[in-house]
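See below for the structure under consideration.
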Amino acid sequence: MDGVWLQAVLTRLAPFPWDARRSLHHGNAVEEPAAAVRAGAAAWGERLSLPERAARLPGDFLRHEAEPKGVQEGEFAALCTSAPEVRDYLAAAVESICRAVPGLGGFFTITGSENLTNCWSHGGGGACPRCGKRAPAESIRTQRELLRRHPAGGNGQTLIVWDWGWHDDWVESIIARFHGRRGS
């Protein structure tokens, strides 16, 4: 075994600007992965990876915060990664976690999972007034870039982007954008 993956929700590990109650005990919550990193480093010299996962926010939660709200599915809504304040939040959350967990191996992101991690997570990004103007590949690349280029970068963290849940016709374009090409 050369790594450990712990499930994580960003709103529980870093300050959440739209509702401080969701991240009230983030200092305590981030201690669990920090302890795992310390134990792993002592035992095997390995690193821990946290999956990036935005909270599944109740749709009415963002009723008064129209800017960060993206696609809504049933009772849940995504934070829209096309909104500047959401991009700022994601970058600040990743920086906060990396500073609180020295030795963190990185992040494992599933942008097309059962969770609404972005407006295109389940293919419905066209319903978002911002993301509907962007290709799915561009939206997913934005989310990846926010995690990859966080201010605490350069400390050896790795970002793993899993393609589980991507629509087959998006894959080539997403990968091309990861490598700085426009793709199809």
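Scanning segment 157-179 for residues that are within 14 Å of E138 (Cα to Cα) and among the charged types (D, E, K, R) turns up D169, E172, R177. Taken over segment 136-184, the criterion of being assigned to a loop (DSSP other than H, G, I, E, B) and either of a type in the set (D, E, K, R) or at pLDDT 75 or above (or both) is satisfied by R149, D163, W164, G165, W166, H167, R181, R182.
Among the conditions (1) under 16 Å from R144 (Cα atoms); (2) at pLDDT below 85, the only one that V86 does not satisfy is (2). Only residues that are at pLDDT below 80, aliphatic (A, V, I, L, M) and exposed (fewer than 13 other Cβ atoms within 10 Å of the Cβ) were counted across segment 1-38, and they come to 1.
One line per residue, one yes/no per condition, for (1) within 18 Å of R38 (Cα to Cα); (2) at pLDDT below 80; (3) part of a loop (DSSP other than H, G, I, E, B):
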| residue | (1), (2), (3) |
| --- | --- |
| C98 | yes, no, no |
| T109 | no, yes, no |
| C119 | no, no, yes |
| H122 | no, no, yes |
| P129 | no, no, yes |
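Residues that are surrounded by fewer than 24 Cβ atoms within 10 Å (Cβ to Cβ), without any contact (Cβ under 8 Å) to a residue 60 or more places away in the chain and under 13 Å from the mean Cα position of the chain (by Cα) within segment 81-108 comprise R87, D88, E95, G106, listed in sequence order.
The values are calculated or read from the model by the stated rules, or taken from the named source; none is laboratory data. Keep in mind the model is a prediction, meaning the values are calculated, not measured. Note: ideal-geometry Cβ built from the backbone for every residue, glycine included; neighbour counts use all protein chains shown.
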